[in-house]
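Novice: Let me give you the structure first, and then I'll get to my questions.
The values are calculated or read from the model by the stated rules, or taken from the named source; none is laboratory data. As the structure is a prediction and not an experimental result, all values here were calculated from the model. Methodologically, a virtual Cβ is constructed for each residue, glycine included, from the backbone with ideal geometry; neighbour enumeration extends over all protein chains shown. Calculation scope for accessible area: heavy atoms of the full protein, side chains included, ligands and nucleic acids excluded. Shrake-Rupley method; radii C 1.70, N 1.55, O 1.52, S 1.80 Å.
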Amino acid sequence: MKLYYTPGACSMAVHIVLREAGLPFELEKVDLRSKRTQGGEDYAQINPKGYVPALRLDDGSVLTEVGVCVQYVADLAPQTDLAPVAGTMARYRLMEWLNFISTEIHKTFGPLFDPSASAELRQRQIGLLGKRFGYLAERLTQREFLMGDPFTAADAYLFTVLNWTHVVKMDTTAWPALQAYVKRVADRPAVREVMKTEGLIK
Ligand SMILES: N[C@@H](CCC(=O)N[C@@H](CS)C(=O)NCC(=O)O)C(=O)O
């Protein structure tokens with residue numbers, strides 16, 4: 001398998017699940033401005049949607065969308081419990097989290113990365129994120145990880161997007177449970193390894 005990624009982007013969720021799963025994989029960095037890979041390929045030929053992540057599977061086909069890629073990888077390593085067995089209620093709970101993270105958190109950050117966004121829009125997005133963070137913090141005071149214990153693919157995705165609060169300089173001190181959760185995930189050996197590889201920590 002080969003993961004097309006950009007350091008610190010949502011592709012990091014797939015990278016974390018690959019490391020947590022202990023599966024062999026290759027990495028290829030994508031420059032999102034030029035839309036070229038580190039190896040010089042035209043990224044539009046790999047993922048015509050133009051964004052990361054993309055996962056080249058061993059049969060040569062390409063899988064996209066964070067919430068799907070993380071489940072695909074997790075299912076290759078069922079012993080790790082990164083995703084509950086397909087068809088169970090627990091699996092639907094995982095999908096519920098993945099969808100929430102994608103639509104309510106990941107995409108809400110978008111305008112905060114846009115230098116042309118107005119101050120009003122930024123405030124609106126920060127307010128929306130604050131509401132979601134309040135909900136998450138309440139859940140995470142009662143449990144170690146989103147699904148309780150163990151760590152799952154949803155935690156890999158949530159950690160990845162919460163890491164953007166540093167990038168956009170959003171103050172999270174109002175949600176200590178969320179800060180404790182981020183630290184808990186950041187301290188996992190696989191997560192540290194991913195962050196080192198992506199150049200986010202030394
Ligand atoms: N729906 C996609 C969204 C992926 C996405 O937003 N990727 C961002 C990085 S976090 C990106 O590559 N943006 C560059 C672009 O859209 O040109 C998914 O879930 O994978």
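Novice: When the chain is treated as a GNM, springs tying every alpha-carbon pair under 10 Å, which of E41, E120, E28 comes out with the largest mean-square fluctuation?
Specialist: E120
Novice: Please identify, among P111, P150, P24, the residue showing maximal mean-square fluctuation in a Gaussian network model of the chain using a 10 angstrom Cα cutoff.
Specialist: Maximum fluctuation in the GNM of the chain, among the listed residues, is at P24.
Novice: Using a Gaussian network model of the chain whose springs link C-alpha atoms within less than 10 Å, name the residue from A54, A180, A13 with the highest mean-square fluctuation.
Specialist: Greatest mean-square fluctuation among the candidates belongs to A180.
Novice: Per q in 0.08, 0.14 1/Å, what log10 I(q)/I(0) does a Debye calculation on the alpha-carbon atoms of the chain return?
Specialist: The calculated log intensity ratios at q = 0.08, 0.14 Å⁻¹ are -0.26, -0.83.
Novice: Less than 15 Å Cβ to Cβ from V168, Lys/Arg counted +1 and Asp/Glu -1: what total charge do the surrounding residues give?
Specialist: Local charge sum for V168: +3.
Novice: Among rounded, prolate and oblate, which fits segment 31-108 when a ≥ b ≥ c are the square roots of the eigenvalues of its C-alpha gyration tensor, a/c under 1.5 means rounded, and a/b larger than b/c means prolate?
Specialist: oblate
Novice: For the chain, with all protein chains present and a 1.4 Å probe, just round the carbon and sulfur fraction of the accessible area to a whole percent.
Specialist: 53 percent
Novice: Considering only the other residues whose Cβ falls under 11 Å of the Cβ of L178, what net charge follows from Lys and Arg at +1 and Asp and Glu at -1?
Specialist: Cβ neighbours under 11 Å give a net charge of +3.
Novice: Might you tell me the accessible area per residue for segment 89-188, computed with a 1.4 Å probe and given in Å²?
Specialist: Details: 5040 Å² over 100 residues.
Averaged over the residues of segment 89-188, the accessible area is 50 Å².
Novice: Using amide H atoms built 1.01 Å from N in the peptide plane, name the residues 5+ places from M147, or on other chains, whose amide H lies under 5 Å from its own.
Specialist: T152
Novice: Sticking with this structure for a sec: Suppose we keep just the alpha-carbon trace of segment 148-202; what are its Rg and Dmax in angstrom?
Specialist: 11.4, 31
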